[in-house]
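Some notes on the structure that comes next.
Where a number appears in this text, it was derived from the coordinates with a stated rule and is not lab data. From a predicted model like this one, the values you see are computed outputs, not experimental measurements. Don't worry about glycine lacking a Cβ; one is built from the backbone with ideal geometry, like all the others, and counts go over all protein chains shown.
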Amino acid sequence: MAFIKKISSSFSDSELVQQYKHTESMETLGDLYSRYMDLLYGVCLKYFKEPDEAQDAVIHIFEELVTKVKKYEIENFKGWLYQLAKNHCLMKLRSKKNQPINVDADLMYLTENMHLEAVMDKEINLLAMENCIEQLPEEQKAAIQLFYLQEKCYKEIAETTTLDINKVRSFIQNGKRNLKICMDKTALQKAE
């Protein structure tokens, strides 16, 4: 997706929208649009399933922007552009098949399920990690909790536990290794 040169501007989206409305500079619009081309290509690809068709849609959406950005009061450009892309894709699909389709419901269901699965996987991994931390020898467990969970440095852990800093380093390294072994074993058991 390199048909628009990516320009790195320090202006915010809102500032670029206002600047474009006042100057109608295609460079300004191109700068704003280039920030979200990859996102738009992904959206279009989900709807059309064909890379060439998705790329054509991304170009057509840019052409629509030339007039639409001036017409509308845009508070959140990224969200507005995402919605514009979805509408563009749906209109193209409807005109092809000449019948209404309900892509949004399917997409929402798929997205919700993927999100729910990701949340559940994360929760399962966190529980497994907590269980594995509990199985570590006391010194390793304390060092791992202080270092990773409480974000203490080696020196602070040494002061808190009254251990030599080299021992702290050793407990963290060994604890991390044992934690990984335990997590891998748990993942294997889950897969079986």
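By a straight-distance test (C-alpha under 21 Å), which lysines pair with residue 167 as possible cross-link partners, with residues fewer than eight away in the same chain excluded? Once the sequence-local lysines are set aside, what remains near residue 167 is 141, 152, 155, 176, 180. Computed extension gain for residue 148 through residue 165, at 0.36 nm per residue and net of the alpha carbon distance, reaches 4.5 nm.
The charge dipole of region 13-97, taken about its Cα centre with unit charges on the Cβ atoms of Lys, Arg (+1), Asp and Glu (-1) only, comes to about 560 debye.
Among 57, 95, 77, whose Cα projects farthest towards the positive end of the dipole of region 13-97, with charges put on the beta-carbon of Lys, Arg (+1) and Asp, Glu (-1)? Going by the charge dipole, the pick is 95. Each peptide in 35-44, 149-158, 14-23 receives the mean, over its residues, of other Cβ atoms within 10 Å, and ordering these scores from highest gives 35-44, 14-23, 149-158. In this structure, residue 176 and residue 27 have a Cβ-Cβ separation that, at R0 = 35 Å, corresponds to a calculated FRET efficiency of about 0.10.
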